[in-house]
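The values are calculated or read from the model by the stated rules, or taken from the named source; none is laboratory data. Predicted model only: the values in this text are computed from it and were never measured. All Cβ positions, glycine included, derive from the backbone under ideal geometry; neighbour counts span all protein chains shown.
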Amino acid sequence: MILEHFVVGMLQTNCYVLGDSGKCVAAVIDPGGEAKRIASFLNKNKLKLEAILLTHGHFDHVLDAWKLKELAGGLIYLHPADKPLLKDRMVGLGALLSGRITGLGGPVDVELAEGQCISVGDISLEVLETPGHTPGHVSFYLKDRRIIFVGDTLFAGSIGRTDFPGGSYEELIKSVRNKIFPLGDDVVVYPGHGPKTTVGRERATNPFF
């Protein structure tokens with residue numbers, strides 16, 4: 001399996017490329033910018049893009065999703081509860097770009113739901129609903145590799161903001177305690193910003209828990 005990490009956009013968002021080199025297919029998680037760079041990586045590694053997976057609808061995680069689809073193909077996945085964030089710039093935080101957004105709010109091809117399994121070659125990702133940062137926030141769990149992509153739900157030593165429209169501190173804490181922590185201390189956590197961490201480290205040292 002190929003796991004490539006890009007830091008993209010004005011808010012330094014973590015974008016991840018998961019590739020099955022044997023079957024030459026890939027998924028991209030949270031392309032918040034630099035679609036051309038990501039597409040170039042896919043092309044260089046002879047990977048066909050099958051899925052563009054969005055943890056939530058804030059602009060810094062979705063901004064280049066439609067541009068990437070145009071360049072490399074693939075279906076765009078998002079939880080339906082976050083679709084309003086794509087249409088309302090104030091809710092989706094697009095107003096921070098002072099009108100410089102283009103392409104945000106395009107169609108979503110597949111709606112995500114709890115327990116859904118997304119297969120890309122031999123890579124199998126389980127969808128976990130982890131609301132709190134946004135109403136439709138999800139995480140993607142790669143069980144056989146013991147890694148989880150959590151977007152802005154959990155960070156190394158912190159948690160995602162809940163003071164944006166649609167956010168809920170109580171829901172976010174519940175999401176981490178009930179969905180992420182039970183996966184096991186050895187699970188590696190890949191967040192939407194900042195360095196990776198582990199469930200065990202956050203359970204033991206994160207001040208919010």
Exercise. Here is a list of conditions, (1) farther than 25 Å from S119 by Cβ; (2) out of contact with any Leu (no Cβ under 9 Å at 6 or more places or on another chain), and G184 meets all of them except one; can you say which number that is?
Worked result: (1)
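How many residues are over 21 Å from G19 (Cβ atoms), among the aliphatic types (A, V, I, L, M) and modelled with pLDDT of 50 or more when one looks only at region 92-123? Quick ask: steps written out before the conclusion?
Residues of region 92-123 that are over 21 Å from G19 (Cβ atoms), as a first pass: 92-108, 111, 113-115.
With the extra rule that they be among the aliphatic types (A, V, I, L, M), the set shrinks to 93, 95-97, 101, 104, 108, 113.
Among the residues that remain, those that are also modelled with pLDDT of 50 or more are: 93, 96-97, 104, 108, 113.
The qualifying residues number 6.
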Exercise. Can you tell me how many residues in region 58-76 are outside any helix (DSSP H, G or I) and closer than 20 Å to V138 by Cα?
Worked result: 6
For this session: Being assigned to a loop (DSSP other than H, G, I, E, B) and farther than 18 Å from N43 by Cα is the filter here, so list the residues in region 8-29 that pass it.
Result: G9, M10, L11, Q12
For this session: State whether one or more residues within region 45-54 are part of a loop (DSSP other than H, G, I, E, B) and free of Cβ contacts under 8 Å to residues at least 24 places away in the same chain.
Result: yes
Exercise. So which pairs qualify, if the first residue must be in region 92-120 and under 23 Å from H133 (Cβ atoms) and surrounded by 17 or more Cβ atoms within 10 Å (Cβ to Cβ), the second must be of a type in the set (V, I, T) and modelled with pLDDT under 50, the Cβ gap must be under 8 Å, and the two must be at least 6 apart or on different chains?
Worked result: G94/I101
For this session: Identify the single condition in (1) in contact with a strand residue (DSSP E or B) (Cβ under 6 Å, 6 or more places away or on another chain); (2) within 17 Å of D30 (Cβ to Cβ) that G160 does not satisfy, given that it satisfies every other one.
Result: (1)
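Test V127 against the criterion of being assigned to a strand (DSSP E or B), closer than 16 Å to H79 by Cβ and touching a Cys at 6+ places or on another chain (Cβ under 8 Å), and give yes or no. Steps first, answer last, please.
Details: assigned to a strand (DSSP E or B): yes; closer than 16 Å to H79 by Cβ: yes; touching a Cys at 6+ places or on another chain (Cβ under 8 Å): yes.
Here the answer is yes, as V127 does meet what is asked.
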Exercise. What tally of residues in region 148-186 results from selecting those that are surrounded by fewer than 20 Cβ atoms within 10 Å (Cβ to Cβ) and of a type in the set (A, V, I, L, M)?
Worked result: 3
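Here's a check for you: in region 16-72, which residue that is hydroxyl-bearing (S, T, Y) and either in contact with a strand residue (DSSP E or B) (Cβ under 7 Å, 6 or more places away or on another chain) or within 21 Å of V127 (Cα to Cα) (or both) is modelled with the lowest pLDDT? Walk me through how you get there before you give the answer.
Filtering region 16-72 down to residues hydroxyl-bearing (S, T, Y) leaves 16, 21, 40, 55.
Right, trim to either in contact with a strand residue (DSSP E or B) (Cβ under 7 Å, 6 or more places away or on another chain) or within 21 Å of V127 (Cα to Cα) (or both) and you get 16, 21, 55.
Values: Y16: 98, S21: 93, T55: 98.
Residue satisfying both the conditions and the ranking: S21.
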